[in-house]
Structure formats: C-alpha cells, structure tokens
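Read the structure below first, then the notes.
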Amino acid sequence: MINRKLFYDGIRPSPFGGKLSQSQVDGIEAVLNFWESPPVNPDGDFGKQWGIRAPGWLAYMLATIYHETATKMQPISEYGSNDYFTKHYETRSDLGNGPAAGGQAGDGARFHGRGFVQLTGRRNYTLMVPIVRHFYPDCPDFTTDPEAVKQLDYASTILFYGMFCGTFTGRALKHYIGDASARQGVDFVGARHIINGNDRASTIAGYAQHFMAALDSSMTAVHVHHRGERQT
C-alpha cells in the first residue's frame with residue numbers, strides 16, 4: 001500500500017513545481033486506486049503481467065500521463081480539428097478506420113486520440129470495450145460513445161491494459177522495467193517505446209525518477225509501519 005500523504009509530499013516539489021490541483025490529485029488517485037485494488041482481478045495475459053508488476057511500472061505510467069496530458073493528470077482529447085483528424089486518420093486501415101477497413105465514413109474524426117494516452121482509431125476503441133467491461137460491466141460501447149474513454153475509471157483501465165500488455169506499440173512495461181529492489185534492470189528511457197518511439201524519452205524518464213523516489217519513500221514508510229505493528 002502507498003502512504004498517500006508521503007507520496008504527494010514527494011511529488012509536489014518535482015515534477016509539479018510545488019503545487020497540486022484537486023483535478024491533478026483526482027487523476028492520480030484513479031491510477032493509484034486501480035494499482036492497489038482493481039474492481040476485479042485482471043485475467044488472461046493482463047493477469048500474468050499483473051503478477052509480475054513492479055513499482056517502477058507505476059512510476060513510469062504516472063510519468064507518461066504527466067507528459068501525455070501536459071501535466072493535467074486528467075484524460076484529454078487530442079489537440080486538433082476535425083479536418084486535421086480526417087486528413088491524418090480517415091483512411092488508416094491499420095486503425096480500422098473507414099469503409100475499406102470495415103469501419104464507417106467519418107471514423108478519422110470520430111476516433112481521434114483520447115484518454116490518459118491517446119487511444120486512436122475504431123479498431124482500438126473496439127478492442128478496449130470488453131477489456132474495460134471486465135472491470136466495469138456498465139461501460140458503454142466506445143464505438144458509439146467514444147467520449148466515454150475519457151472517464152477516469154475507463155481511462156485508467158485502458159492505460160494499465162495497454163502498457164502492461166503492449167497493445168499500443170507491441171512493447172510492454174515488462175520489456176524495460178523490472179524490480180529494482182531485486183536488482184532487475186530499470187530502463188525508463190527505453191520504456192518510451194511502449195507509447196511513442198524515442199519521443200521525449202529522456203525527459204519522461206526524468207519524470208519517472210521523481211515518481212519513483214516518491215513511491216520508494218511512501219511504500220517503505222508503509223512497510224516499516226506494518227512491520228512495527230507485527231512486532232508489538
């Protein structure tokens with residue numbers, strides 16, 4: 001468990017420059033809550049990854065959100081106009097957009113990037129419906145309600161599944177980040193390949209180090225506290 005006060009005290013100076021808004025805290029809380037207690041246990045490949053997760057995975061996810069949401073820590077929509085989305089996404093068969101790929105006209109704009117990370121394209125929105133419904137059975141069909149992927153609980157689930165199972169780029173957290181306490185490798189720079197190649201990789205790795213330091217102190221404090229309770 002994470003001592004939330006110590007954790008927020010640790011990240012407030014850096015990377016947040018001394019101040020956290022309630023909106024930022026709400027977004028972070030959604031991620032921490034899923035990490036500590038998802039509504040139901042992950043299954044399948046997600047369950048396998050869940051069993052080997054290390055604190056560095058959480059640190060890197062938080063760093064990714066910090067970057068991808070421009071520090072807001074809330075699910076956002078990709079910046080751009082419908083004309084821009086149509087130009088860049090409408091005929092992307094790899095995204096399942098448009099009639100030629102089994103989709104519909106207008107998919108480019110309809111399924112532009114949304115979330116903690118930019119979920120994009122009809123195919124990816126469709127993929128995430130059963131994944132999220134495993135945890136939240138009342139989740140709507142994202143292909144008819146694409147804005148729903150920005151709801152905090154749903155966005156958190158998509159973030160975890162995508163980064164744990166490698167659905168965004170084929171690369172997953174396990175490929176780069178192990179358990180530092182067990183002397184396993186931690187490559188925060190290389191982990192950027194999970195989302196977007198080498199784009200701002202070193203910068204995001206720096207954010208991850210700040211989140212990791214806060215997690216180390218807050219988790220250690222909880223561990224020491226519990227150990228003391230057992231001894232009394």
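The chain: D in µm²/s via Stokes-Einstein (Kirkwood Rh, Cα pairs, 20 °C, 1.002 mPa s)? Working shown, then result.
Details: Rh = 18.5 Å.
In µm²/s, the coefficient rounds to 116.
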Sequence-separation-based contact order of the chain, relative, with Cα cut under 8 Å and 6+ spacing, percent:
25 percent
Between 160, 34, 188, which gets the highest mean-square fluctuation from a Gaussian network model of the chain, Cα cutoff 10 Å?
34
Asserting the computed 222 nm helical MRE of the chain (DSSP H runs at least 4 long, -39500 (n - 2.57) per run, divided by residue count, to nearest 500) equals -16000 deg cm²/dmol
Roughly how many whole Å is it from the C-alpha centroid of segment 152-219 to that of segment 15-68?
10 Å
At R0 = 22 Å, how high is the FRET efficiency between residue 37 and residue 9 if r is their beta carbon distance? Nearest 0.05 is fine.
0.50
Under 5 Å between amide H atoms, partner at least 5 residues away or on a different chain: which partners does residue 186 have, H built in plane at 1.01 Å?
178
Could you calculate the contour length gain from residue 20 to residue 71, that is, 0.36 nm times the residue separation minus the distance between their Cα atoms, to one decimal place in nm?
17.4 nm
Any idea what the dipole of segment 1-120 comes to, in debye rounded to 20, about its Cα centre with Lys/Arg Cβ at +1 and Asp/Glu Cβ at -1?
340 debye
Using the basic label-point model (7 angstrom from Cα toward the beta carbon), what is the residue 1 to residue 198 distance in nanometres?
4.4 nm
Residue-wise, which Karplus ³J(HN,Hα) couplings in Hz belong to segment 35-52, taking 6.51 cos²θ - 1.76 cosθ + 1.60, θ = phi - 60°, and x for glycine or proline?
4, 7, 7, x, x, 9, 5, x, 10, x, 4, 4, x, 5, 5, 4, x, 10
Spelling out what I want: for every residue of segment 182-199, take phi, set θ = phi - 60°, compute 6.51 cos²θ - 1.76 cosθ + 1.60 (Karplus), and round to whole Hz; glycine and proline get x.
9, 6, 8, x, 10, 10, 5, 6, x, 5, 4, 4, 5, 10, 7, x, 9, 4
Distance in nm between label sites at residue 29 and residue 189, each 7 Å beyond Cα in the beta-carbon direction?
3.7 nm
Using θ = phi - 60° and Karplus 6.51 cos²θ - 1.76 cosθ + 1.60, couplings along segment 114-129 (whole Hz; Gly, Pro as x)
8, x, 5, 10, 7, 5, 9, x, 3, 4, 6, 5, 5, 4, 7, 4
For residue 141 and residue 181, FRET efficiency with R0 = 41 Å and r from the beta-carbon atoms, rounded to 0.05?
0.50
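Read-outs: derived from the displayed coordinates by stated rules, not from any lab. No experiment lies behind these values; they were computed from the predicted model shown. Note: ideal-geometry Cβ built from the backbone for every residue, glycine included; neighbour counts use all protein chains shown.
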